[in-house]
Structure formats: structure tokens, C-alpha cells
Amino acid sequence: MTIPLSHYLIVSGILFTIGLFGLMIRRNILLILLSIELMLNAANLNFIAGSALHGEINGQLTAFFVMVIAAAEVTIGLAIAVLLFRKMDSVDTNDIRHLKG
Amino acid sequence: MNIMWSLLIPEWTVFAFLMILLFGEMFSREFSGKLASQVTFLGSFVTLIACFSVLGVTDSTFGGSFMVDSLATFFKIFFAITLIGVVPMCHEFFDRRLKNPGEFYLVLWSSLLGLFFLVSANDLLLLFIALEIFTLSLYIMAAYLKHELLSIEAGLKYLILGSLASAFMIYGISLIYVSCGSTSFPVIREVFALRTTHSLILLGILFILSGVCFKVAAVPFQFWVPDVYEGAPTPVVAYLSVASKAAGFAILLKLLFTVFIPFEAARTLMFSVLAAMTILYGNLGALVQTNIKRLFGYSSIGHAGYLLIGIAVGGEAGTSALLYYLVAYGLTNIAAFIVITEVGRRVGSDKIDAYRGLAKRSPFLAGTFFVALLSLAGVPPLAGFFGKFLVLLAAVRGGLGWLALLGALAVAISLFYYLSLVRMMYIEESSSEQAIGVSPVSRFLLVILTASIILVGFWQEPVLSFTRTAVHALF
């Protein structure tokens, strides 16, 4: 029994939405980075589903590239979070309001 | 598969300088000091020359995923010139503040490498990776003053919101991949031309466009701009305001006019509404600012609005006007930010109050800033005026008269805040009469930039014919 494409799309849509809501609701930088990761993985799921559907290898390759990019993004995010923690003893976005706006 | 390495001469040059800096950094102490900025300055000229090696060439390699055409070459030359303008600013700004400023130039080169691949990408995957190389470098650059809270905060905000935009973009790309079975532009174009109402592709396009609109700072994706502009180091803001915007428009031009061609009717409506909102938001927001970098943030949003008119109109007239506007905006913004860097360094403040009586303290800086502000506001006969004129003319001819009217009204609003800066510099008295010096390189660059703002305004034909050739790649 094969799972139809729509199932994958629904799951990835749900993942993406959870990530989006997490990013908007959470106030902890680490959890925000986690939410972004979730959104990127939703895209990865689509790539792999598409790759299986079309019988084409490029989608799986793309998923690897996206993982690398996600790792790089989180690395920079954590580095900045460390800088912020040294400065303010907090990684809570509620405490970051020195730039008005 | 035959790979034509000669097509990648500009990229190789950038890569070579990236490596020189990387290894220089590792093995030589001197490199992390003054030498790095000098090598970078030299390298930006070499890169500019290297870009001319692919001038007029139209070809693709790497299985068609890397494409050189007149539009890509136009943008490469544009970015190389931007780098030439930005490096002396970085030297002024960072070399005094940091112990090892050399590393900064390493990040700067890697962002440029991303930009060069971005404008040549003929495949959504390459496009996305190149864009990420560029923006990841920008996050680092925005947070580069690691002892200043404002810079860290700017970097963090930019990172979170930028990653959100990237997530939207890659999700859109994944939807398009699912429906087309490929990330290559020609394949997507064929599939989309056959199935113009395929809902997954349309959804994918919307996701990608919202990601790109973030880069160009179109309302409602503009909320990061004022904060990042205020907090990030001034030279980085200059680079960001010109390069990031140009990169966003390069993607929009490429995607909308060569890949998603049947999207045209929706494009005009969507982008004229976006342009109208962006122009209004940027220019009204700028009225109440007290920090010069924040003011330029809002003004750059306003300019993005005019550039979006070019996308909404489309066709050869709209897109070549857009490129002309981009050139004028780039030259003027770099000139303005050189002045802001100099004033910020000598006076120690980015508040607008610091510009009180600038004409007495440094007639040269005040004079060049005056020309730059007038060009940004769109006063004839400067470059900015013809940019606005061409874009609005294209809008009228393209049947978007209401948008042109709105754009013309917004010029009046923008005159108010630009001229109030001029009034502050020339009429009001400063608390301090101490003269402000200018470093020789900045002085030289400012003279060149001011001259070219005036020249490009008076003598538009060379630039205009260059932009027309560039957009021939699209139609």
C-alpha cells in the first residue's frame, strides 16, 4: 500500500504551521530557533515525498542541502544567543527591547 | 558534461580573494590588521574588472543551473561597485574599534560570493543556497560589534525574521518541486505554462514571493528594517540597504519574467498594491524619526516601493526603469552612508541632532550630504529624479496612473523630511564649533560619487542603454 502524496503534504503543512506558531508565541530564543528548524524540516518532507513521487533523486539531495543550511543558521543563531546571554543574562525576547519598534 | 570555467571568472576572483583572506588570517598577524582592508579594496577593483570578462556573454553551464546573461552581469558589476564604496567605510568604522578587523572582510567576501551565484542561478536550489550564503553572512555582519547590545539585538532580530523568510521560501520551493518534479527554471516554466492554475504551484509562488518581499523590505514584510538599520554597524547598513535590496529585485525579475510568466495578471495587481503600501509606509514612517540610520531605514522602505512599481508595470520599460532607479539609489545611498559613517565616527552619535550646524563644521560633508539627500528626494537634475521619473512614466504608460500619482505625492512627503535634515545642517546652530575632518579615501570616494550622481542625472543615456541591454535577457 502506498501512501498518497496528499498525506505527506498535510503532515508537512501541519509541521510548518506548528513551527510558525511556535516562532510567534515562544519567547525563548532557543525555542524560536527550534521552531525555525521545524519549518525547514516541513520543507524537507515535501522534497522527499516529491522525490519518491517523481522517481527522481534531486529532491533527496535538496533535503541534504536544506539540512546543512539549517545547521548553519542555528549555529549563527546560537552564537548570537550566547553573546546576548553574556550581556544580559537572559535569552528571553521580552528582555530585548532596546531598539524601539 | 562539459563545464565552461571561463563563465565563472568573476566568481573565481571572489573566491580567490576569500581564500587569500582566509589563509592570510591564519598565517599572518599583519593580515588581521590594516592589510585585510587594503587587500579587500584592491580586490573589489579586480572583481569589477573580472566582471567585464563576461560582459555580453549569454551561456549556461553546470547542467544549465548556472547561467550568465546580461542581467546577471549587470548585477555583478553593480555589486562590485557597491563593494568598492563600502570597503573604505568598513575600514573607517571597524579598524579602530576591533582588535582583528580582518575577519570582517572574510565575511564580506563570502556574502559577495553568495550574491554572485544568486544572480546567475538558473535553478531554485542554487538560488536558495546562494541566497543563504549571502544572508547568513549578513546576520554575522549585523551582530559584528559583539560588545554592543544594540548590534547584537539587531543581528538577532535580523536572524530570526530572516530565517522565517528563508523558511517560507524553501517551503514554497518544495511545493513547486512536488508539483513539477524539478527545481530547474526551464522545466518549471514549461510545466507552469501548461498548468497555469495548478494550486500547489500557485501556493508555492506565493510562499517564494513573500520570502523575497522580505529581502526587499516590502510592506507588510518590512518590520525588521528600522530596528536592524538602527542597531547594525553603519557600513553594514550601507551594504545591506543596497546589496540586499538589489539581490531581492534580481530574484523577482528573474522569477517573475522568465519563470512564472503566466502569473502576469496577478503580478500587476499584487505588486501595485504592495508598491502603494510600501511607498506610503516608508515615507510616512520617516517623518517622525530622531535617529539618522532609522530614518534611512524608513526611506529605504519608501524606495523599495518605487522599485516595486517597476515590477508591477513590467515589460521592457518598467524593468529597465527599475534597474536605472536601482543604480541611482545605490550610488546615492552609499554616498549618504559614507557621510553618516564619518559624522558618526567624529561626533560619536547617530542622532539627527548631531547634524545641527554641520555646514559650519564641515562644509564638504554637508555639501555632499545635501546632494545625496536631494537625489534621494528626487530633485532634478540629479540621478534620483530620473529614476523616479522613469518609473512613474512607465507606470502611467502601463495604465497604472493612480500608482504614479501616489508616487508623485509621496515625493512631496519625502521632500519634507529630507529637507528638514538640510535645514538642520545649514540653518541651525551647532552646540560645538569644532571642525569635522574627513579621511582622504572617503573624501575621494565622496567626490566621485557626488559627481556620478550629478552626471548620471544629466546624462542618462549610457546608464539607460546599459539597463536596456540588461533586461533584454528577460524578454
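The values are calculated or read from the model by the stated rules, or taken from the named source; none is laboratory data. Remember, it's a predicted structure, so these values are computed and weren't measured experimentally. All Cβ positions, even for glycine, are placed from backbone atoms using ideal geometry, and neighbour counts span all protein chains on display. Surface accessibility is based on the protein's heavy atoms, side chains included, excluding ligands, DNA and RNA. Shrake-Rupley method; radii C 1.70, N 1.55, O 1.52, S 1.80 Å.
Using mean Cβ contacts within 10 Å as the protection proxy, how do A:25-33, B:44-52 order, highest first?
Ranking, from highest mean packing down: B:44-52, A:25-33.
Can you check what the net charge comes to around residue B:128, using other residues whose Cβ is under 14 Å from the Cβ of residue B:128 (Lys, Arg +1; Asp, Glu -1)?
Net local charge, residue B:128 excluded: -1.
Using +1 at the C-beta of Lys and Arg and -1 at the C-beta of Asp and Glu, which of B:6, B:232, B:61 has the Cα lying farthest in the positive direction of the dipole of the protein assembly as shown?
Value computed over the given set: B:232.
Using only DSSP helix segments of four residues or longer, with each worth -39500 (n - 2.57), what per-residue ellipticity at 222 nm results for chain A after dividing by its residue count and rounding to 500?
Calculated at 222 nm, the ellipticity per residue is -27500 deg cm²/dmol.
From the helices alone, meaning DSSP H stretches of at least four residues, give me the mean residue ellipticity at 222 nm for chain B, per-run term -39500 (n - 2.57), in deg cm²/dmol to the nearest 500.
Dividing the helical sum by the residues of chain B leaves -25000 deg cm²/dmol.
Just reorder A:18, B:279, B:3 by solvent-accessible area, largest first, 1.4 Å probe, all chains present.
Result of the area sort, largest leading: A:18, B:3, B:279.
Let me confirm one metric for peptide B:148-160, namely the mean number of other chain beta-carbon atoms within 10 Å of its residues' beta-carbons.
6
Can you compute 3J(HN,Hα) from phi for each residue in the range B:176-187, using the Karplus curve 6.51 cos²θ - 1.76 cosθ + 1.60 with θ = phi - 60°, rounded to whole Hz and x for Gly and Pro?
5, 4, 4, 8, 9, x, 7, 9, 7, 4, x, 5
What's the average, rounded to a whole number, of partner chain beta-carbon atoms within 10 Å of each residue's beta-carbon in A:77-89?
Average per residue, whole number: 5.
Please go through the range B:151-227 and write out the trypsin sites (Lys or Arg not before Pro) that DSSP classes as loop and that have at most 16 other C-beta atoms within 10 Å.
B:195
If you plug each phi of the range A:48-63 into the Karplus form 6.51 cos²θ - 1.76 cosθ + 1.60 with θ = phi - 60°, what whole-Hz ³J(HN,Hα) values come out, in order, with x for Gly and Pro?
Karplus values, whole Hz, x for Gly and Pro: 6, 4, x, 4, 5, 5, 8, x, 10, 7, 4, x, 5, 4, 4, 4.
Using modelled amide H (1.01 Å from N, peptide plane; none on Pro or chain starts), what sits under 5 Å from the amide H of residue B:428, excluding residues fewer than 5 places away?
Those lying under 5 Å, H to H, from residue B:428 are B:357.
For the range B:265-475, build the charge dipole from Cβ charges (+1 Lys, Arg; -1 Asp, Glu) around the Cα centre, then report which of B:442, B:396, B:406 sits farthest towards its positive end.
B:442
Full-extension gain between residue A:85 and residue A:14, please, as 0.36 nm times their residue separation minus the C-alpha to C-alpha distance.
22.3 nm
Nothing charged except the Cβ atoms of Lys and Arg (+1) and of Asp and Glu (-1): what's the magnitude of the dipole of the protein assembly as shown about its Cα centre? Round to the nearest 20 debye.
900 debye
Starting at 0 and stepping by 5 Å, how many percent of the alpha carbon pairs of the range A:5-90 end up in each bin?
So the P(r) values, bin by bin, are 3, 15, 19, 19, 17, 11, 7, 4, 2, 1, 0.
Counting Lys +1, Arg +1, Asp -1, Glu -1, what net charge surrounds residue B:169 among other residues with beta carbon under 11 Å of its beta carbon?
Neighbour charge sum, excluding residue B:169 itself: 0.
Grab the beta carbon distance between residue B:448 and residue A:57, set R0 = 45 Å, and tell me the FRET efficiency rounded to 0.05.
0.35
As I understand it, the dipole of chain A uses +1 on the Cβ of Lys and Arg and -1 on the Cβ of Asp and Glu, about the Cα centre. Which of A:70, A:7, A:85 lies farthest toward its positive end?
It is A:85, whose Cα lies furthest towards the positive end.
Can you figure out the FRET efficiency of residue A:26 with residue B:461, using R₀ = 51 Å and their beta-carbon distance, to the nearest 0.05?
Efficiency, from the Cβ-Cβ distance: 0.40.
Need one value for A:42-54: mean number of C-beta atoms belonging to other chains within 10 Å of its residues' C-beta atoms.
The mean count of partner-chain Cβ atoms within 10 Å per residue comes to 5.
Show me, for the range B:301-315, the HN-Hα J-couplings you get by feeding each phi into the Karplus relation (A = 6.51, B = -1.76, C = 1.60, θ = phi - 60°), rounded to Hz, glycine and proline as x.
5, x, 5, 4, x, 5, 5, 5, 4, x, 5, 4, 6, x, x
At q = 0.06, 0.12 Å⁻¹, what is the log10 ratio I(q)/I(0) for the protein assembly as shown, with the Debye formula run over Cα points and no solvent?
-0.28, -1.22
Under the 0.36 nm per residue contour assumption, what length would be gained going from the current alpha-carbon distance of residue B:190 and residue B:52 to full extension?
46.5 nm
When the expected Rg is taken as 2.2 N^0.38 Å, what fraction or multiple of it is the alpha-carbon Rg of the range B:265-475?
This ratio for the range B:265-475 stands at 1.05.
Considering amide H positions built from the backbone, and no H for Pro or chain starts, which residues 5 or more places from residue B:55, or on another chain, come under 5 Å of its amide H?
none
Check residue B:291: other-chain or 5+ apart residues with amide H under 5 Å from its amide H, H built from backbone geometry?
Correct list: B:352.
Calculate what fraction, in whole %, of the accessible area of the range A:5-90 sits on carbon and sulfur atoms when a 1.4 Å probe is rolled over the protein chains.
Carbon and sulfur atoms account for 73 percent of the accessible area of the range A:5-90.
Is the C-alpha gyration tensor of chain B telling us rounded, prolate or oblate? Criteria: a/c under 1.5 is rounded; beyond that, a/b larger than b/c is prolate, otherwise oblate.
Taking the square roots of the gyration eigenvalues as a ≥ b ≥ c, chain B is oblate.
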